[in-house]
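Note sheet for the following structure.
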Amino acid sequence: MLADDCNVPNWILPLSHIFQLFMLKGISPLLTADLLKILMEMGHGDEIVLADANFPAASHARNLVHCAGSGVPELLEAVLALFPLDSYVSEPVSLMDLVPGDSYQPTIWTTYRGIVDRIQPDVGIAKLERYAFYERARAAYAIVATSETALYANVILKKGVVRVE
């Protein structure tokens, strides 16, 4: 089969051109088909975890989605563009809190706050103790395993109601 606009076999097309053939308008290419399917299956109150590279995603996941090569901030932005947060709870976003005695200061939390405020303002963000976070993750509808290397970069999102206007 030949590509109509350049008269060469598809397997010879440059990678950027091939990506254009498979992309959708208005949907981030970071959102894989598997992740889009999960987001569509989720109902009001279901939770999804965007997990950093250190998180034990495979051993905790009911549904595991791999997004190798993606960072959590980029995925958070792409997911929130399509995914309403639960407006019936005060904190539909949860982060894994620092382990007591850890002096690390996660700057990624400020990044998350900025993304959430820009896309869905006035949303509360909770901090959960490490093992409480693990329990919530085990109960989540899905865990998205990323390549994020920042420490304490895990985030849980609670889905809200999609309002058709």
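Quick note: the coordinates plus some simple rules give every number you see, no bench work behind them. Because the structure is predicted, anything quoted here is derived from the model rather than measured. We place every Cβ from the backbone using ideal geometry, glycine too, and count neighbours over all the protein chains shown.
Scan the stretch 81-123 for chymotrypsin sites (Phe, Trp or Tyr not before Pro) in coil per DSSP, keeping those whose Cβ has at most 16 other Cβ atoms within 10 Å, and list them by number. Intermediate results must be reported in sequence, preceding the final value.
Values: sites: 88, 104, 109, 112; in loops: 88, 104.
Filter output for the stretch 81-123: 88, 104.
Relative to the Cα centre, what is the charge dipole magnitude of the stretch 41-127, using +1 at the beta carbon of each Lys and Arg, -1 at the beta carbon of each Asp and Glu, and rounding to the nearest 20 debye?
Details: 4 positive and 12 negative charges, 24 e Å.
Dipole size: approximately 120 debye.
So how far, in whole Å, is the C-alpha centre of the stretch 86-106 from the one of the stretch 111-163?
Answer, in whole Å: 8.
Let's see if you can work this out: charge +1 on each Lys and Arg Cβ, -1 on each Asp and Glu Cβ, no other charges. What is the dipole magnitude of the chain about its Cα centre, in debye to the nearest 20?
Using only the charged Cβ atoms, the result is roughly 180 debye.
Hey, what's the Kirkwood Rh for the chain if you take every pair of different alpha carbons, in angstrom?
Values: mean 1/r = 0.0586 Å⁻¹.
One decimal place: 17.1 Å for the Kirkwood radius.
Which trypsin sites (Lys or Arg not before Pro) in the stretch 90-165 sit in a loop by DSSP (not H, G, I, E or B) and have at most 16 other Cβ atoms within 10 Å of their own Cβ? Please report the intermediate quantities before stating the final value.
Details: sites: 113, 118, 127, 130, 136, 138, 158, 159, 163; in loops: 163.
In loop regions of the stretch 90-165 (DSSP not H, G, I, E or B), the sparsely surrounded trypsin sites (Lys or Arg not before Pro) are 163.
In terms of modelled amide H atoms, which long-range or inter-chain residues lie less than 5 Å from the amide H of residue 85?
HN-HN under 5 Å from residue 85: 160.
Which of 38, 143 comes first, and how do the rest follow, when ranked by fewest Cβ neighbours within 10 Å? It would help to have the intermediate numbers written out before the result.
Working: 38 20, 143 28.
Neighbour counts put them in this order, fewest first: 38, 143.
Along the charge dipole of the chain, Cβ charges K/R +1 and D/E -1, which of 139, 151, 161 sits furthest on the positive end?
139
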